[in-house]
Structure formats: C-alpha cells, structure tokens
Amino acid sequence: MRIGELAARAGVSVRSVRYYEEQGLLSSVRSASGQRQYTDYAVERVAFIQRLYAAGLSSRTIADLLPCVDAPSTETADAALERMAAERDRLSRHIADLVRTRDALDGLMATARAHREALNTSR
C-alpha cells in the first residue's frame, strides 16, 4: 500500500508516517517510480508506535524498544524491560518535579487570595 493509504488506515498523518520512517521506526520499499510501498503489517506497526508515543516515550526510546518486537529473545526482552523501567523512573522524577511546582503555585495563590481579601476588608 502507498503512504496515503497507510496513514488513513492507521489514523495518522502522512507526515507522521514519513517521520517514523526518518527515525528508523518504520520501513518501506520503493516502487520503480520511487513511491513508498508498505505491507499490511505497517498498519499494526504504526498503531504500536502510536501507543508508545502515548506512553510518553521519545522516538529514540521507541527505536531502542523495537528490537524486542522485531527479533524477540530473552536478551531483547530484558533490554526492553530495562529501558522501560528507566523511562518510568524518569517520568516519576518529572511528576515529582511537577507536584513540587504545583504546590509552590498553590502557595502563591493562597498568598494572593489573602492579599486580595485584605484589600477588600480595608475599604
């Protein structure tokens, strides 16, 4: 199938398909006229890539995980699990940072509310 059909069947833009290919996440063969041609499996592959992106993973991390899909083995499975654990740890640190930032903002908002209330009572 051609790139437009793949994009439509997978529910993504043609630009996304091209990006996935540029990042080494997806491959195609070229027709004699130079058009990209994809197998039916590419639809599943794009859906899988989309799920990994939805989980907050970068294209580099996704590329690191794909050997587990493309050549399943104990070694690639262990490497994928290790990489996913590292990503989960990174996300947990980021969440903790966001919670601290939100709490600091809550403190500023409480101060601003108190200040506003003081303005209303001083009139």
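The values are calculated or read from the model by the stated rules, or taken from the named source; none is laboratory data. Model, not experiment: these values are computed from the prediction. Cβ placement follows ideal geometry from the backbone for every residue including glycine, while neighbour counts extend to all protein chains displayed. Note: accessible area is taken over every heavy atom of the protein model, side chains too, but ligands, DNA and RNA are not part of it. Shrake-Rupley method; radii C 1.70, N 1.55, O 1.52, S 1.80 Å.
Which numbered condition trips up Q37, out of (1) within 23 Å of the chain's Cα centre (by Cα); (2) closer than 30 Å to R2 by Cβ? Checking Q37 against (1) within 23 Å of the chain's Cα centre (by Cα); (2) closer than 30 Å to R2 by Cβ, the one that fails is (1).
Please enumerate the residues belonging to region 58-75 that are farther than 17 Å from R18 by Cβ, open to solvent by less than 70 Å² (accessible area, probe 1.4 Å) and of a type outside the set (A, V, I, L, M, F, W, C). The answer is S58, T61, P67, S73. The set of residues in region 12-52 being under 28 Å from H94 (Cβ atoms), open to solvent by 30 Å² or more (accessible area, probe 1.4 Å) and not aliphatic (A, V, I, L, M) consists of S13, R15, S16, Y19, E22, Q23, G24, F48, Q50, R51.
Would you mention how many residues in region 40-78 are of a type in the set (G, A, S) and within 19 Å of L6 (Cα to Cα)? Residues flagged as of a type in the set (G, A, S) and within 19 Å of L6 (Cα to Cα) within region 40-78 amount to 2. Against the numbered list (1) more than 24 Å from H94 (Cβ to Cβ); (2) among the small types (G, A, S); (3) open to solvent by 50 Å² or more (accessible area, probe 1.4 Å), A55 comes up short only at (1).
For the residues A55, A47, A32, A71, the requirement of being among the small types (G, A, S) and touching a Gly at 6+ places or on another chain (Cβ under 9 Å) singles out A47. For region 85-93, the count of residues that are open to solvent by less than 60 Å² (accessible area, probe 1.4 Å) and either of a type in the set (V, I, T) or closer than 23 Å to L26 by Cβ (or both) is nonzero.
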